[in-house]
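Structure first, then comments.
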Amino acid sequence: MAYPSVERRRVLAAAALGRESGVPGPDPAGGDPLRAVAGKILDISPHLVTVETAGGEEERLVIAPWATAWHGADSAPADLPVGSSVMMRMLREGRVVERIWADTTRVTGTILSVEGRRDVTVELDCGSHRGRRTVVIPYRATGRLRVRHPQFEPGYLFDAIGVRRDGAVLALLPATSQPAYPARAVPAPPPAYGGTHSRISGTATWSDAFDEEERGLAYPMVERSDTGCPDAEVSCVGLPYLAIGSLLQVRNVCAERSASVQIVACGCLAGRFCDRCVECGTSPRGRIAELSAPTFVELGGDLVKGCFNAQIGLG
């Protein structure tokens, strides 16, 4: 998903602005670092899991006695099927598993069409760099989705968490309450904001549109001409313009963890959601960053909850 030469862009931008280029990574003051590991399960028991990573390496990891898993529903880690694609949160120098998400995905986009009465099929426009995706909402999940997404109509936004199963994407949980406005009618940012604050508060979410082990984030206010993203430059938050490759300091207010994270993509969809996160208190309205899954997990986020209250500032 990342644009080419992101690293070079970061160094050149820092030189042009006369500041240190910085290094992506966690803030050491945030306590013991969390490590995210993605892979495919080769073998699993109540105490150990062996996975093949995206790089083709095998890792044999200890499962903590208190560890939990999610595979469309809460599950014991040992019940996860061999062959599942997993994202794991690791403790103790990255060797102990405390949380596993199996075959977990997120579908975020603008509704193009809706078909079906029991199992509902929704086609989405997921942005200029993500293309179209088709998601199936099983009958058992339609009530839960419809409560939070009352407008199952073309032109409205959709955001759900689910699983990949037998080649299909099943949406099971609403990731947010659907905005009341169509995707093309995003409210303007408050005039008093003006991007003058050193730290901006809002919602950080995650996306599976990044490469499996990629660290980075998508940011709404990047120039269209720079990214080839015609739907960029939209947000209900007074965000400053930033270039691909810039570093942002992202703080998970709930977990009290921070990291310097590189902007690697256009967040044209994130900017259209003027929603709130309520994980610990209520965030101000607006999505200010959309993180890759490993970055989200390493900042203490839960993929099923889908967001955390965040603050961002220039790294």
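Laid out as a table, the results:
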{"item": "Carbon/sulfur fraction of accessible area - the chain, other protein chains in place, 1.4 Å, %", "result": "49 percent"}
{"item": "Relative contact order (percent, whole number), segment 147-241, Cα cutoff 8 Å, 6+ residue spacing", "result": "25 percent"}
{"item": "For segment 204-211, Karplus couplings with θ = phi - 60° (6.51, -1.76, 1.60), whole Hz, Gly/Pro x", "result": "10, 10, 10, 9, 9, 7, 7, 5"}
{"item": "Pair Asp226, Ala180: separation of 7 Å Cα→Cβ label points (nm)", "result": "3.5 nm"}
{"item": "Dipole-positive endmost among Pro174, Pro65, Pro138 within segment 43-199 (Cβ charges, Cα centre)", "result": "Pro174"}
{"item": "Sorted peptide list for 258-266, 207-215, criterion being average Cβ within 10 angstrom, highest first", "result": "258-266, 207-215"}
{"item": "Radius 10 Å from Cβ of Tyr139, net charge of other residues (Lys, Arg +1; Asp, Glu -1)", "result": "+2"}
{"item": "Prolate/oblate/rounded label for the chain (Cα gyration tensor, a/c 1.5)", "result": "oblate"}
{"item": "Rounded to the nearest 20 debye, dipole of the chain from Cβ charges on Lys, Arg, Asp, Glu", "result": "800 debye"}
{"item": "Solvent-accessible area per residue for the chain (1.4 angstrom probe, square angstrom)", "result": "45 Å²"}
{"item": "Rounded Å value of the spacing that divides the Cα centres of segment 202-266 and segment 134-191", "result": "21 Å"}
{"item": "Label-point separation, Arg118 to Ala78 (7 Å along Cα→Cβ), nm", "result": "3.6 nm"}
{"item": "Residue-averaged [θ]222 nm for the chain, counting only DSSP H segments that reach four residues, each worth -39500 (n - 2.57)", "result": "-2500 deg cm²/dmol"}
{"item": "Value of relative contact order over segment 233-289, rounded to a whole percent, pairs C-alpha under 8 Å and six or more apart", "result": "38 percent"}
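The values are calculated or read from the model by the stated rules, or taken from the named source; none is laboratory data. These numbers were taken from a predicted model, which means no experiment stands behind them. So basically every Cβ, Gly included, is an ideal-geometry build from the backbone, and we count neighbours across all protein chains shown. The accessibility values were calculated without ligands, DNA or RNA, using every heavy atom of the protein model including side chains. Shrake-Rupley method; radii C 1.70, N 1.55, O 1.52, S 1.80 Å.
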